[in-house]
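The values are calculated or read from the model by the stated rules, or taken from the named source; none is laboratory data. Just so it is clear, the model here is predicted, and its values are computed rather than measured. Using ideal geometry, Cβ is built from the backbone for each residue, glycine included, and neighbour counts are taken over all protein chains shown.
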Amino acid sequence: MGPLTRRRYWVDIEGATRAPEDVATEWRDHLADHAPKWLAWFRGLDHPVPPVRQGDRLWIQMVGVRRGRVVIEHVDALGFRARTLRLHPDAGTSDFRVYPGEQPGRMVLQVESLMRTNSAFDRLAYILGVHAAQRRCWELTLTSVARFAGGRIESRGHESLEMPHMAHSYTLPDLPDVRIGSTSETVS
């Protein structure tokens, strides 16, 4: 329902004391700790989190009143992507990514969502204020992850763009066939 919306939120970090890969792992495994619980409370559906692995499903309580579920559809060394599941107010994906800078200690943390609302009610709610709650949620989450990375925030920003067709700025490699609710790891 409604246009496809790309929302991007980012922080530029200078003087980070942790490696980009360590920041990405921390962010994925502890998303529930970095997100402000009053805006987005995450918990695992398939097992307690952390860790969060590809194929895991997460339950989200949003702004205290709305519920949604996502599945982690991709994990790599510098980020992860979540896809919304049935009954989530939006249909689409959110990419959580660490972009290493050219100099040591520099990196960009970014949340990029490509979503379309699932109903006229959800579209109206987004227009009337949910967009501000989403922005605040991801700004606070990025600030928390930046604190873990060390260094200082050099700059931050956000943008929102509505179009009929769009793609993420990060293109995933071919996805393995992972059943929702299962992991791609083997247990020994």
Taking the criterion of being under 17 Å from ARG69 (Cα atoms) and either in contact (Cβ under 8 Å) with a residue 40 or more places away in the chain or not in a helix (DSSP H, G or I) (or both), would at least one residue in region 119-127 satisfy it? yes
Testing GLU102 on (1) assigned to a loop (DSSP other than H, G, I, E, B); (2) among the charged types (D, E, K, R); (3) farther than 26 Å from ASP12 by Cα, one condition comes back false. Which one is that? (3)
Extreme residue, nearest to ALA120 (Cα to Cα), among residues of region 7-42 that are modelled with pLDDT under 90 and in a strand (DSSP E or B): ALA40
Return yes when VAL108 is among the β-branched types (Val, Ile, Thr), within 19 Å of VAL145 (Cα to Cα), surrounded by fewer than 20 Cβ atoms within 10 Å (Cβ to Cβ) and at pLDDT 95 or above and no when it is not. yes
Name the single residue that is surrounded by the fewest Cβ atoms within 10 Å (Cβ to Cβ) among those in region 27-45 being closer than 17 Å to ARG81 by Cβ and charged (D, E, K, R). ASP29
Considering each of GLU73, GLU102, GLU21 in turn, give the residue that is farther than 17 Å from SER144 by Cβ, among the charged types (D, E, K, R) and within 13 Å of the chain's Cα centre (by Cα). GLU73
Quick one: is THR84 touching a residue at least 40 places away in the same chain (Cβ under 8 Å) and more than 22 Å from THR143 (Cα to Cα)? no
Residues LEU140, LEU161, LEU87: which one is more than 18 Å from ARG6 (Cα to Cα) and more than 16 Å from the chain's Cα centre (by Cα)? LEU87
Residue that is modelled with the highest pLDDT, among those in region 111-130 that are surrounded by 17 or more Cβ atoms within 10 Å (Cβ to Cβ) and over 11 Å from the mean Cα position of the chain (by Cα): MET115
Checking the condition of a type in the set (Gly, Ala, Ser) and in contact with a helix residue (DSSP H, G or I) (Cβ under 6 Å, 6 or more places away or on another chain), which residue from ALA24, ALA16, ALA32 passes? ALA16
